[in-house]
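The values are calculated or read from the model by the stated rules, or taken from the named source; none is laboratory data. What you see is a predicted model; the values in this text were computed from it and never measured. Please note: Cβ atoms are built from the backbone with ideal geometry, for glycine as well, and neighbour counts cover all protein chains shown.
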Amino acid sequence: MRIVLSGISIVFILSGVGPAQDGERLTFHAAPKALSEEAVTADWHRFLGPNDDCTTPETHLVDSFPETGPPVVWEMAKGSGYTSPVLAEGKLVMFDRYGDEEVIECFEPETGKPVWRFSYPVEYTDRYGFKNGPRASAVLDSGKVYTLGVTSVLTCLSLETGGKIWQRDLDAEYEVASYFFGHGSCPLVYDGKVIVNLGGKGGLCVAAFDQNSGEQVWGTEHEWLSSYASPVVKNLQGKPRLLVFAGGDSRPPFGGLLCIDPKTGELHDAFPWRADKYESVNGSTPIAVGKNRVFITECYQIGGVMLELTPELKWKEIWRAPGFNLHWNTPVTHEGALYGFLGRNEPDAYLGSFDLETGKENWKKDITWSADSGERKYNMSYFRGSILHADSKFIILGEIGSLAMMKLSTKGYEETSRAQLFIARSTWSLPVLHRGLLYISQHETEMGHYVENSGPPRIICYDLRK
């Protein structure tokens, strides 16, 4: 395979290193600008960023970019799956599928040069025809890499060398219940434990494993199964609380928000929140709001709800917002409002803002435009896009490859930059920002050659440094 691009580029040949022995995978375009000494940076250890909430404290980013998009630093053909890169300790880690293997790879963040590779066999075919690779991105913590594969294989590697420290086949050990699209909830590393929304058939809903040995530390029993929302820990009522938005493939459909003691696995309370549809899943990660509140949302029927954890450690409903209905993406909170792309399907997707205190709609907008590729015209939109907040900017990634910068407020939106990076469906992963570089995962082959820098499924590194 060869990626042909215009302009001057340097190609690194990964003979014997690439997962599929497929020749040239990496194209290096140009070194990024120097990072300002005054820039604030943060490791991106998990797929929703350093705070698990689609925000990062990074600063010194450009205020706009041209219609052709930000400068490309490097790009690389990627495997099958819906993951995004994670970065820490000067390393970038990707988790994909190539052929009949799930592959964990480490690269240099600013060049894309390979560092190490680890793989193991996998057998999985998506019953709905989606990709057969992993859904959950890798997690980095304390010099280790953790991955949860599409068939529930939990792996721990050394971040420095890629050597295996431990590995467990959770499906074989715990009889993980069936799921719609493979195991997709990202594991959480907290206080020396790897926490997994397991969904075991024996009623083991959540399990924690020692991050160094892999031994089970505790388990939380509940009938709700593994969802596609990822567990997070947030301070509520003065202490860390584990939040698990569970709910997977079950008849009748059930699921909701669990509040758990992350030290012991003790279940404090469970709030049912799941559409009364078998095909529904819970996929949007919970967002903590203020001291004791948590917002959860689904797109199939009942939408969003704001909950408060009482001093008795019980959930109390504050308000409901059926119209704030996100599918798999996670909303962003900013200055008293929630922002997100609403809707279950592409045609009914909107960018919307709702009030944090009341749940009332501030505004909702279907943003559309036309694009001409020279071969045909496209009716464009961000559809079910993702939102990243950094450096007082909102970075928007549409699900077919539209990138934008916006200003969002309770009164509306202002689009300051927009570029069509490529036209490819399933661009569902939140863009990753680390040390002023933006990493975007293109999961599908392009629908025609819309832009010069077109290519196959790939990871692309852009320079946003000021």
Discussion item. When you scan region 154-167, do you find a residue that is closer than 25 Å to S284 by Cβ, touching a Pro at 6+ places or on another chain (Cβ under 9 Å) and not acidic (D, E), even just one?
Written reply: yes
Item to complete: Hey, can you tell me all the residues within region 368-397 that are out of contact with any Gly (no Cβ under 9 Å at 6 or more places or on another chain), assigned to a loop (DSSP other than H, G, I, E, B) and more than 28 Å from W44 (Cα to Cα)?
Response: G374
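Being in a strand (DSSP E or B) and in contact with a strand residue (DSSP E or B) (Cβ under 7 Å, 6 or more places away or on another chain): is that true of F354 here? Even if it seems obvious, please write down each step before you answer.
Working: in a strand (DSSP E or B): yes; in contact with a strand residue (DSSP E or B) (Cβ under 7 Å, 6 or more places away or on another chain): yes.
Yes, satisfied.
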Discussion item. Suppose the filter is among the charged types (D, E, K, R) and closer than 26 Å to T111 by Cα; does R425 pass it?
Written reply: no
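Mind counting the residues in region 414-444 that are assigned to a strand (DSSP E or B), touching a residue at least 12 places away in the same chain (Cβ under 8 Å) and either surrounded by fewer than 19 Cβ atoms within 10 Å (Cβ to Cβ) or touching a His at 6+ places or on another chain (Cβ under 6 Å) (or both)? Explain how you work it out, then say what you get.
So the first thing to find is which residues in region 414-444 are assigned to a strand (DSSP E or B), and the list is 414-420, 432-434, 437-442.
In the following step, the residues that additionally are touching a residue at least 12 places away in the same chain (Cβ under 8 Å) were identified as 415-420, 432-434, 437-442.
After this cut, where a residue has to be either surrounded by fewer than 19 Cβ atoms within 10 Å (Cβ to Cβ) or touching a His at 6+ places or on another chain (Cβ under 6 Å) (or both) as well, the list is 415-416, 419.
Residues flagged as assigned to a strand (DSSP E or B), touching a residue at least 12 places away in the same chain (Cβ under 8 Å) and either surrounded by fewer than 19 Cβ atoms within 10 Å (Cβ to Cβ) or touching a His at 6+ places or on another chain (Cβ under 6 Å) (or both) within region 414-444 amount to 3.
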Worksheet item: Can you pull out the residues in region 231-257 that are crowded, with 23+ Cβ neighbours inside 10 Å and part of a loop (DSSP other than H, G, I, E, B)?
Response: P231, G247, G248, G255
Worksheet, complete the sentence: Checking T68, T27, T59 in turn, the sole residue that is more than 22 Å from L421 (Cβ to Cβ), β-branched (V, I, T) and modelled with pLDDT of 50 or more turns out to be T59
Worksheet item: Only one of (1) surrounded by 22 or more Cβ atoms within 10 Å (Cβ to Cβ); (2) modelled with pLDDT under 95 fails for G374. Which number is that?
Response: (1)
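Evaluate region 189-203: report whether one residue or more is within 25 Å of K277 (Cβ to Cβ), surrounded by fewer than 23 Cβ atoms within 10 Å (Cβ to Cβ) and touching a residue at least 40 places away in the same chain (Cβ under 8 Å).
Start the filter on region 189-203 by keeping residues that are within 25 Å of K277 (Cβ to Cβ), which leaves 197-201, 203.
From the residues that got through so far, the ones that are surrounded by fewer than 23 Cβ atoms within 10 Å (Cβ to Cβ) too are 200-201, 203.
Now drop any that are not touching a residue at least 40 places away in the same chain (Cβ under 8 Å), which leaves none.
Checked against the condition, which is being within 25 Å of K277 (Cβ to Cβ), surrounded by fewer than 23 Cβ atoms within 10 Å (Cβ to Cβ) and touching a residue at least 40 places away in the same chain (Cβ under 8 Å), region 189-203 yields no hits at all.
May I ask you to list the residues in region 290-313 that are closer than 20 Å to G247 by Cβ and hydrophobic (A, V, I, L, M, F, W, C)?
Step one: list which residues in region 290-313 are closer than 20 Å to G247 by Cβ, which gives 294-307, 309.
Of everything in region 290-313, those that are closer than 20 Å to G247 by Cβ and hydrophobic (A, V, I, L, M, F, W, C) turn out to be V294, F295, I296, C299, I302, V305, M306, L307, L309.
Count, please, the residues in region 106-152 that happen to be aliphatic (A, V, I, L, M), more than 18 Å from D43 (Cβ to Cβ) and more than 19 Å from the chain's Cα centre (by Cα). It would help to see each step written out before you state the result.
Filtering region 106-152 down to residues aliphatic (A, V, I, L, M) leaves 115, 122, 136, 138-140, 145, 148, 150.
Still in the running and more than 18 Å from D43 (Cβ to Cβ): 122, 136, 148, 150.
If we keep only those that are more than 19 Å from the chain's Cα centre (by Cα) as well, we get 122.
Selection size over region 106-152: 1.
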Worksheet item: What pairs come up if the first residue lies in region 263-278 and is touching a residue at least 24 places away in the same chain (Cβ under 8 Å) and more than 22 Å from K316 (Cβ to Cβ), the second is crowded, with 18+ Cβ neighbours inside 10 Å and acidic (D, E), and their beta carbons are under 7 Å apart, counting only those six or more places apart or on different chains?
Response: none
Discussion item. Which of the numbered conditions does L403 fail, given that it passes all the others? Conditions: (1) crowded, with 21+ Cβ neighbours inside 10 Å; (2) under 19 Å from the mean Cα position of the chain (by Cα); (3) part of a loop (DSSP other than H, G, I, E, B).
Written reply: (3)
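Quick one: which residue in F209, F181 is among the aromatic types (F, W, Y), buried (at least 18 other Cβ atoms within 10 Å of the Cβ), in a loop (DSSP other than H, G, I, E, B) and within 25 Å of the chain's Cα centre (by Cα)?
Numbers: F209 fails: in a loop (DSSP other than H, G, I, E, B).
Being among the aromatic types (F, W, Y), buried (at least 18 other Cβ atoms within 10 Å of the Cβ), in a loop (DSSP other than H, G, I, E, B) and within 25 Å of the chain's Cα centre (by Cα) holds for just one of F209, F181, which is F181.
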Fill in: Check on D269, in a loop (DSSP other than H, G, I, E, B), more than 21 Å from the chain's Cα centre (by Cα), of a type in the set (D, E) and farther than 22 Å from W428 by Cβ
no
